[in-house]
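Beneath this line is the structure, given in structure tokens, with notes to follow.
Here, each number is a calculation from the coordinates, and none is a lab measurement. Given the structure is predicted, the values throughout are model-derived calculations rather than measurements.
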Amino acid sequence: MRKPKVGRMFLATCVGSLFMVILYFQNITRPAVEQSGGKGIAPGKTRRSPLQTLYNGDQLDLSAVQTSLRDRRELLEQACLTHTKKRRVLTPDDLRHLIVDDKHGLLYCYVPKVACTNWKRVFMVLTGDGRYHEPLAIPANEAHVAGNLRTLSEYSTSEINRRLRSYLKFIFVREPFERLVSAYRNKFTRSYNTAFHKRYGTKIIRRHRPQPQPDALERGNDVSFQEFVYYLVDPRTQREEPFNEHWERIHSLCHPCLVHYDVVGKYETLEQDSRSVLRLAGTDGEVRFPTSGKSTRTNGDMAAQFFQNISPFYQKKLYNLYRMDFLLFNYSNPEYLKTR
């Protein structure tokens with residue numbers, strides 16, 4: 001078999017039931033493609049793609065946003081080289097968070113608590129064949145229904161490989177502890193999240209609260225942030241089962257050192273980065289990313305309040321747990337963190 005002349009390829013062979021995935025690590029651009037009657041992506045004439053403009057363009061011609069996106073991608077690549085020593089084979093389970101839009105050639109890795117509901121709504125508009133027109137008109141619970149959107153894990157090996165090397169791949173990330181506090185607030189302090197209270201709250205209280213009351217053991221609806229932290233850093237937690245996706249590390253959900261993302265958007269610059277992604281995909285005329293009017297978003301000041309009662313010992317253990325997300329996505333250690 002003749003090796004491809006472009007990109008760096010990691011070939012994972014399978015034996016028996018092992019899953020084979022060929023990872024194409026593109027150095028700078030994605031191949032130029034064009035629409036084919038709205039029925040999917042077909043090879044087009046060689047032309048200058050949006051990503052070529054973004055990553056190969058003259059520095060003087062780039063906007064501040066374009067420069068930021070390019071720098072982020074380069075920082076991620078360098079961090080991967082610096083902090084990851086071993087390569088491994090991707091499995092179908094690794095690809096469950098990569099949502100596919102075949103019509104526009106897009107792959108998006110969704111991360112809970114990083115505007116993923118609105119991005120799923122946008123994908124439902126783009127892939128819905130006219131069924132949806134306005135993202136915010138789609139109920140939030142409908143955006144999360146399994147089967148409404150296809151994930152990369154549903155495709156055959158050859159189809160996965162083709163999409164990985166030719167589609168525009170993007171991810172949105174967030175300051176790790178702000179995301180963690182947001183997950184805690186949403187899942188453990190809202191009265192309607194009874195499923196999380198039963199599934200995780202009762203376990204956390206039973207394991208980490210001295211002399212819990214019977215009602216708390218039964219309902220699990222008053223977990224403190226301190227107890228949540230104890231649960232996360234307890235070695236037994238991950239030995240028993242993987243983290244829930246709402247507090248799983250971003251690098252464990254989206255594998256940014258194995259899947260070579262073209263754009264790394266950030267929650268802190270959500271609106272401008274989202275506009276850039278839609279513009280690069282050529283879909284900005286079809287849909288707009290919803291703007292949020294929320295005034296209670298979890299920010300750094302709010303996260304600092306939650307960490308006031310966490311001892312330096314447990315702050316350090318928690319930081320070590322999420323350290324790779326801080327390093328890979330270029331987030332500084334929070335000023336409130338006391339790890340010494």
Practice prompt. Taking each pair of different alpha-carbon atoms in the stretch 91-139 once, compute 1/r for the pair, average those values, and report the inverse of that mean as the Kirkwood hydrodynamic radius in Å to one decimal.
Written response: 11.5 Å
Fill in: Calculated log₁₀ intensity ratio I(q)/I(0) where the Debye formula runs over C-alpha points of the stretch 155-260, q = 0.16, 0.23, 0.24 Å⁻¹
-0.78, -1.25, -1.33
Worksheet item: Using every alpha carbon pair in the stretch 202-340, what percent of pairs falls into each 10 Å bin from 0 up to the bin containing the largest distance?
Response: 9, 29, 33, 20, 8, 1
Discussion item. For the stretch 287-327, take every pair of Cα atoms, bin their distances at 10 Å starting from 0, and report each bin as a whole percent.
Written reply: 22, 36, 25, 14, 2
Practice prompt. Please list the radius of gyration and Dmax for the stretch 86-178, considering alpha-carbon atoms only, with Å as the unit.
Written response: 13.8, 44
Worksheet item: Could you give the alpha-carbon Rg of the stretch 259-340 over 2.2 N^0.38 Å, rounded to two decimals?
Response: 1.44
